[in-house]
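Quick note: the coordinates plus some simple rules give every number you see, no bench work behind them. Please read these numbers as outputs of a predicted model, since none were measured by experiment. Cβ placement follows ideal geometry from the backbone for every residue including glycine, while neighbour counts extend to all protein chains displayed.
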Amino acid sequence: MTQANYNDYPKIHVAVDCVIFTYDDEQLKVLLYPRNIEPCKGDWSLMGGFVGDRESLEDAARRVLRQTVGLNDIFMEQVHGFSNPNREPNDRVISMAFYALICNDKHSRELVEEHKGEWYPITQLPPLIFDHNEMISCALQRLQYKASCELVGRDLLPEKFTLTQLNNLYNAIFQRTFDQGNFRKKIASLKVLIQTPDKDTSTSKKGAFLYVFPHNYVATESRIVKI
């Protein structure tokens, strides 16, 4: 392709948008912000930004996440590219959506407040700008697929957690109620979690054992959850 060929094509902006999930009050939540520029200033939006000249898509998404929740070591996965020519009213912008998982007690609440962000339950989302509702829907589907292929929780739960907490997390991710007995049997059959000697006594005198993920845990096909 010659330089003349390049000049024949219009310049297109490339952006990233981040669907940031956390788990709080037994609900899967997503972080939203009031947009601070036109068009649609003041309407609810995902946090995102344009890709810099020296950035990859992944680098740009990590930068947005760092500026948004103050974390560097964070689970992040590419979801889908959104390229409808009319997705934004003023310019041609192609955006790559990423989703991230963060533990609710580890991110910077100060940064979230600084940007006037709010955590919305995934089942109670307000109208969003452009195609951001579709981005969240696609991200949730990817998370559900991940949760059906491997045991998730390490990025959303505290370091130590009960099986009930893990069960409730799966209920929130799939927006359905899994039978607690069957869930426990399935988790036990995976032989992934490590039972600690510690107990959570906040809900009963007997207490419930706390579990942790092994530090070297890697999901394999033999550990497909399929609850």
Report the charge-dipole magnitude of the range 18-70 in Debye, nearest 20, computed about the Cα centre from +1 at each Lys and Arg Cβ and -1 at each Asp and Glu Cβ. 180 debye
Long-range HN-HN contacts of ASP43 with modeled amide H, under 5 Å: ARG35
At 4 °C and 1.567 mPa s, what whole-number value in µm²/s does Stokes-Einstein give for the translational diffusion of the range 22-73, with Rh from the Kirkwood sum over Cα pairs? 102 µm²/s
Given charges at beta-carbon only (K, R positive; D, E negative), |dipole| of the chain in Debye: 980 debye
Once you've got the Cα coordinates, tell me which of LYS106/LYS146; LYS146/LYS186; LYS106/LYS205; LYS160/LYS206; LYS160/LYS186; LYS41/LYS146 are over 24 Å apart. LYS106/LYS205; LYS41/LYS146
On a C-alpha basis, how far is the centre of the range 1-75 from the centre of the range 156-194 in Å? Whole number, if you could? 31 Å
Which one, ILE122, SER108, ASN171, projects farthest toward the positive side of the charge dipole computed for the range 92-227 from Cβ point charges (K/R +1, D/E -1)? ASN171
In debye, nearest 20: dipole of the range 163-223 around its Cα centre with unit charges on the Cβ of K, R (+) and D, E (-)? 200 debye
Please report the Cα spread of the range 163-223 along all three principal axes, rounded to whole Å, starting with the longest. 38, 29, 17
Full-extension gain in nm, GLN144 to GLN124, via 0.36 nm per residue minus C-alpha separation: 5.4 nm
What does the convex hull of the Cα atoms of the range 3-149 come to per residue, in Å³, rounded to a whole number? 130 Å³
